[in-house]
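Notes for the one structure printed next.
The values are calculated or read from the model by the stated rules, or taken from the named source; none is laboratory data. In this text the structure is predicted, and so the values were computed from the model without any measurement. Reconstructed Cβ throughout: ideal geometry from the backbone, glycine too, with neighbour counts over all protein chains shown.
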Amino acid sequence: MQIEPFALERWFDRYEHDADIMLAESGIRSLDSADFDTDPGELGYVIPTDGDPEFRATIAERYDRTAEEVVFTCGTQEANLLAFLSLVGEDEDDHAVVVTPTYQSLRSVPAAFGEVSTVWLDPPDWRLDAEDLKAAIRPETEVVVVNNPNNPTGRYHAAETIEACYEIAADNDAYLLCDEVYRLLAADHLPPVASMGDRGISTTSLTKAYGLAGLRFGWLCGSSEVADSARKWKDYTTISPSIFGQHVARQVLDPAFDADPAGDAGFGVDYDGSVDPDGVSKREAAILAENRELAARNRERVSDFIAEYSERGLSWHEPVGVNGFLTVPDGFESGRAFCRQVVEEESIVLAPGECFGVESNDIGGDGRSETGGVGQASAADGTRGTEGTDDGSEPDLGGYFRLGFGLPTSELEEGLSRLGEFLDRNR
Ligand SMILES: Cc1ncc(COP(=O)(O)O)c(C=O)c1O
């Protein structure tokens, strides 16, 4: 078995540490540990290791599921890994359909265990055509993978589209796995896929919408069959989530743990001890409201910037969440070339569009080892890997770059101002 290098992580590894401004982070700015009680007491494992049963039951209610159908994980990344370990690779011909461009692990991990077909989103608005998905599905398809809202494009697929994807997967006895890590950044969000029926699996965490990446706390919610298999694998991955993560996550998500019933919940809301009608804690509501407001404000700033430089070829499909996929300005050969020049001249990190496709390359490297080939992210036996479908053509992702705007507005403004100077200089 082989796994491709994670192109985005390699790119960040090369540039992020020394750069002045990170304009490629896909989540909202981080909250401060001082806003929470960070003392969980005894520093043992979380017991039981799949998470506190009462807290799991609280999370399960969001999906109309039971505590047994929820497994707490170290972030969405582990939730996705456990899902793929559970669904793909048992049989030689196990197959996954992955909607792309996407966060690389959603494609590379199933490609390491089985075979992957790619269904492309259609630019410029990155529309998902459920008919393409239908054409890609096979009798051996175990899972259809979407990320909604999508990273990197920010496209939020509509309820009808996701319902159609669910029906196609379920009719084929396959699962629809939806990575919903950005879902709550949308004020008007869809119901989670795990609430749609037995064939839905939702994965998420407190990383992107809440600004709590450092907790490394997330979960998977799906059928007991999938959850039990995920538990079996989890004994070999991380055993349990971090006890700090669960302790702080509970303060955010569990209405019963809302901070100081008599006082202020922090984040600008007066907390009166009550729980809002959706069963969401006041604290969670306050964090999400503040984050959505920051996202909306910053999205407008980026939108103005794009309008100012539209004659240079800059455009985007206005995203949901806090990352957008912009067209590379005229005069630059590729996303990679553009982003490299920006970081070298302006010390601003952007993410090349090539990181989100099906290339297996050393994108963070010096260019000499880039293969640039499409498809064939093959495992060692040569029988597995990725292939394009005949349906929906592959967009040229080298014509795009991802810009993350979840950072504090003043930092975003500094970044955009430097980017503007760069564009004015490089005509
Ligand atoms: C779609 C998607 N899923 C998962 C992750 C990783 O999330 P976590 O920090 O919860 O593991 C990311 C990070 O960028 C992401 O974009």
Checking Gly51 against (1) under 23 Å from the mean Cα position of the chain (by Cα); (2) assigned to a loop (DSSP other than H, G, I, E, B); (3) at negative phi: exactly one of these is not met. Which one?
(3)
For Glu69, indicate whether it is touching a Gly at 6+ places or on another chain (Cβ under 8 Å) and more than 16 Å from the ligand (Cβ to nearest atom).
yes
Ala213 - would you say it is near the ligand (Cβ under 9 Å from one of its atoms) and not β-branched (Val, Ile, Thr)?
yes
Taking segment 174-192 and the residues there that are crowded, with 24+ Cβ neighbours inside 10 Å and in contact (Cβ under 8 Å) with a residue 40 or more places away in the chain, the one that is farthest from Ala79 (Cα to Cα) would be Leu185
Specify which of the listed residues (Ala96, Ala24) is of a type in the set (A, V, I, L, M), under 22 Å from the mean Cα position of the chain (by Cα) and assigned to a loop (DSSP other than H, G, I, E, B).
Ala24
In segment 27-48, which residue that is of a type in the set (Ser, Thr, Tyr) and in a loop (DSSP other than H, G, I, E, B) is nearest to Gly404 (Cα to Cα)?
Ser30
Ile201: passes all of (1) within 16 Å of the ligand (Cβ to nearest atom); (2) out of contact with any strand residue (DSSP E or B) (no Cβ under 7 Å at 6 or more places or on another chain) but (2)
Output the residue which, of all residues in segment 75-96 that are within 14 Å of the ligand (Cβ to nearest atom) and small (Gly, Ala, Ser), is nearest to Met1 (Cα to Cα).
Ala83
Residue check for Val119: in contact with a Gly (Cβ under 7 Å, 6 or more places away or on another chain), crowded, with 24+ Cβ neighbours inside 10 Å and touching a residue at least 40 places away in the same chain (Cβ under 8 Å):
yes
If we scan segment 97-108, do we find a residue that is buried (at least 20 other Cβ atoms within 10 Å of the Cβ) and more than 16 Å from the ligand (Cβ to nearest atom)?
yes
Given the conditions (1) modelled with pLDDT of 50 or more; (2) within 23 Å of the chain's Cα centre (by Cα); (3) not aliphatic (A, V, I, L, M), which single one is not true for Glu421?
(2)
Selection within segment 290-315 - touching a residue at least 12 places away in the same chain (Cβ under 8 Å) and hydrophobic (A, V, I, L, M, F, W, C):
Leu294, Ala295, Val302, Phe305, Ile306, Leu314
Residue that is crowded, with 19+ Cβ neighbours inside 10 Å and within 14 Å of Ser202 (Cα to Cα), where the choices are Val70, Val46:
Val70
Taking the stated definitions as given, is Tyr210 under 20 Å from the mean Cα position of the chain (by Cα) and of a type in the set (Phe, Trp, Tyr)?
yes
Going through segment 74-93 one residue at a time, which ones are in a loop (DSSP other than H, G, I, E, B) and closer than 15 Å to Thr141 by Cβ?
Val88, Gly89, Glu90, Asp91, Glu92, Asp93
Would you mind stating whether Asp35 is touching a strand residue (DSSP E or B) at 6+ places or on another chain (Cβ under 6 Å), away from the ligand (no atom under 14 Å from the Cβ) and closer than 21 Å to Val248 by Cα?
yes
Read through the list (1) over 19 Å from Glu140 (Cα atoms); (2) free of Cβ contacts under 8 Å to residues at least 40 places away in the same chain; (3) more than 10 Å from the ligand (Cβ to nearest atom), then give the number of the only condition that Ala170 fails.
(1)
Thr153 vs. criteria outside the structural domain of Ala351 (by TED's automatic domain parsing), of a type in the set (Ser, Thr, Tyr) and outside any loop (DSSP other than H, G, I, E, B):
no
Residues of segment 173-198 classified as touching a strand residue (DSSP E or B) at 6+ places or on another chain (Cβ under 6 Å) and more than 16 Å from the ligand (Cβ to nearest atom), total
2
Could you grab the pairs with beta carbons closer than 6 Å, sequence gap of 6+ or different chains, first residue in segment 84-107 and on the phi > 0 side of the Ramachandran plot, second one surrounded by 21 or more Cβ atoms within 10 Å (Cβ to Cβ) and not charged (D, E, K, R)?
Gly89/Gly114
Any pair with Cβ under 7 angstrom, 6 or more apart, that starts in segment 22-51 at a residue that is farther than 28 Å from Ala67 by Cα and ends at one that is part of a loop (DSSP other than H, G, I, E, B) and away from the ligand (no atom under 16 Å from the Cβ):
Arg29/Pro408
Going through Ala187, Ala209, Ala194, Ala213 one at a time, which residue ends up being farther than 19 Å from Val119 by Cβ, modelled with pLDDT under 95, assigned by TED's automatic domain parsing to the domain that holds Leu133 and hydrophobic (A, V, I, L, M, F, W, C)?
Ala187
